[in-house]
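The values are calculated or read from the model by the stated rules, or taken from the named source; none is laboratory data. Keep in mind that what you see is a predicted model, and the values were worked out from it rather than measured. Glycine also receives a Cβ, built like all others from the backbone with ideal geometry; neighbour counts cover every protein chain displayed.
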Ligand code: GLU
Ligand code: ZN
């Protein structure tokens, strides 16, 4: 059998609900979806929730809502891997019965000790292959890998990637707890769901030969599944894109005012490009033009500036009414939070908005009132340096992020060092609001959030040193 085509294609997205959906996973979901929709095949969703300790219902719901926000729909009901546990065990029993797997009672120390004595690479040496170990409380089940030959992954993007079988140790497929390993659940479910195409991250390529061996041993012809391992998403330095480089969770972009269509359009450029080189284009066109074979092998660089440009472009194309409707909640959120405090202070209704303008300013664009700046940052420079350092230091790890806790950092220090409270908070106030007078500072800081608060404090701290 040859890899399926057209409407016979069955792709899937198989996230583990152990955290927020990251950019890389969203790109994986998108590319599988594009393949399925381009071909008129099926897009399935499987929640890989066998890690009971790390999987939560909350993360499952978050995955569903993030996919919905992105507009990535799927066919049929989602499959929950944990509900197939019996089937996974049955598959293992079948493997053992046919001699593809066996019990092993070696301890970690024994395995490592023999590897060290051998002087070869670490790993399991097949010690129990023919020992006929009976299942017991401390036994695992291992898959018997072939001694010779190659396992070849036919990757649509990378071509044939060969793994010499002698480098594949007899890997564990059932833990001593009796729980089948992820690899088994994953391979069995892909077989049972009739998956024909797996597009997933490059980081999983090294486990693919094991998946193929499992499939073949379970009776699949072995050539009925096509793989495409998607290039890594990297930062400007070419290293794996991580939290340190910026927000990795898709819902962060959602809450920061990115439009789903713009986000999807940008994700589509991470490793793929249309033949005409046009990057900015509606999803419907991307679906039409998408081709797995033209996905790049090279790492895809995440470029926030470019994402912002895409987003700006999409925003400008919105009908004005829609733009207003989409922006209004951001205005309302800030005003709702500050209203009780403003009501205590204003003498005319127009004064409220003017008092909270700084909350809407871009952190790098905040303007400073001249008089306030001179008084606090120039004439009071030593205290300003000290207080900004205290605030930056204290806020970096502050938990929970509440007005009270924020207040404690600054006022606690002031009291301990007998600095008048007003003087101590002035540098923080000017750095955050641009002025020495305004609404209650701590509530404003809570609302601004840690990241934006720190950005403002650091900007001023750098400027005055
Ligand atoms: N659940 C795996 C993950 O989140 C995906 C495995 C696969 O796509 O085969 O990394
Ligand atoms: Zn053993």
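Overview of results
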read-out: Residue match in the stretch 56-72 (condition: away from ligand 2 (no atom under 16 Å from the Cβ), over 18 Å from the mean Cα position of the chain (by Cα) and either surrounded by fewer than 21 Cβ atoms within 10 Å (Cβ to Cβ) or over 20 Å from residue 194 (Cβ atoms) (or both)); value: no
read-out: Residues of the stretch 39-67 satisfying the condition of being touching a strand residue (DSSP E or B) at 6+ places or on another chain (Cβ under 7 Å) and outside any helix (DSSP H, G or I); value: 41, 42, 43, 44, 45, 46, 47, 49
read-out: Residue satisfying all of: in the stretch 213-227; closer than 17 Å to residue 4 by Cβ and surrounded by fewer than 20 Cβ atoms within 10 Å (Cβ to Cβ); nearest to ligand 2 (Cβ to nearest atom) among these; value: 215
read-out: Where residue 189 falls short, out of the listed (1) within 13 Å of ligand 2 (Cβ to nearest atom); (2) buried (at least 17 other Cβ atoms within 10 Å of the Cβ); (3) not in a strand (DSSP E or B); value: (1)
read-out: Counted residues, the stretch 90-115 - those being assigned to a helix (DSSP H, G or I) and either touching a strand residue (DSSP E or B) at 6+ places or on another chain (Cβ under 7 Å) or within 16 Å of ligand 2 (Cβ to nearest atom) (or both); value: 11
read-out: Among the residues listed as 210, 243, the single one being at pLDDT below 95 and away from ligand 2 (no atom under 16 Å from the Cβ); value: 243
read-out: Condition broken by residue 72, with the remaining ones in (1) touching a helix residue (DSSP H, G or I) at 6+ places or on another chain (Cβ under 8 Å); (2) assigned to a helix (DSSP H, G or I); (3) more than 14 Å from ligand 1 (Cβ to nearest atom) satisfied; value: (2)
read-out: Scope the stretch 117-134; condition more than 9 Å from ligand 2 (Cβ to nearest atom) and under 25 Å from residue 207 (Cβ atoms); matching residues; value: 118, 120, 121, 122, 123
read-out: Residue 133 touching a residue at least 12 places away in the same chain (Cβ under 8 Å), in a loop (DSSP other than H, G, I, E, B), crowded, with 16+ Cβ neighbours inside 10 Å and more than 16 Å from ligand 1 (Cβ to nearest atom); value: yes
read-out: Evaluation of residue 166 against (1) modelled with pLDDT under 95; (2) within 26 Å of residue 103 (Cα to Cα); (3) within 23 Å of the chain's Cα centre (by Cα) (one fails), failing number; value: (3)
read-out: Members of the stretch 142-163 that are within 32 Å of the chain's Cα centre (by Cα) and either in a loop (DSSP other than H, G, I, E, B) or farther than 27 Å from residue 4 by Cβ (or both); value: 142, 156, 157, 158
read-out: When residues of the stretch 192-209 are limited to those that are within 18 Å of residue 156 (Cα to Cα) and assigned to a helix (DSSP H, G or I), the one nearest to ligand 1 (Cβ to nearest atom); value: 204
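The rows are residues; the columns are (1) in a strand (DSSP E or B); (2) within 16 Å of ligand 1 (Cβ to nearest atom); (3) out of contact with any helix residue (DSSP H, G or I) (no Cβ under 6 Å at 6 or more places or on another chain).
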{"position": "120", "(1), (2), (3)": "no, no, yes"}
{"position": "125", "(1), (2), (3)": "no, no, no"}
{"position": "129", "(1), (2), (3)": "no, no, yes"}
{"position": "173", "(1), (2), (3)": "yes, yes, no"}
{"position": "177", "(1), (2), (3)": "no, no, yes"}
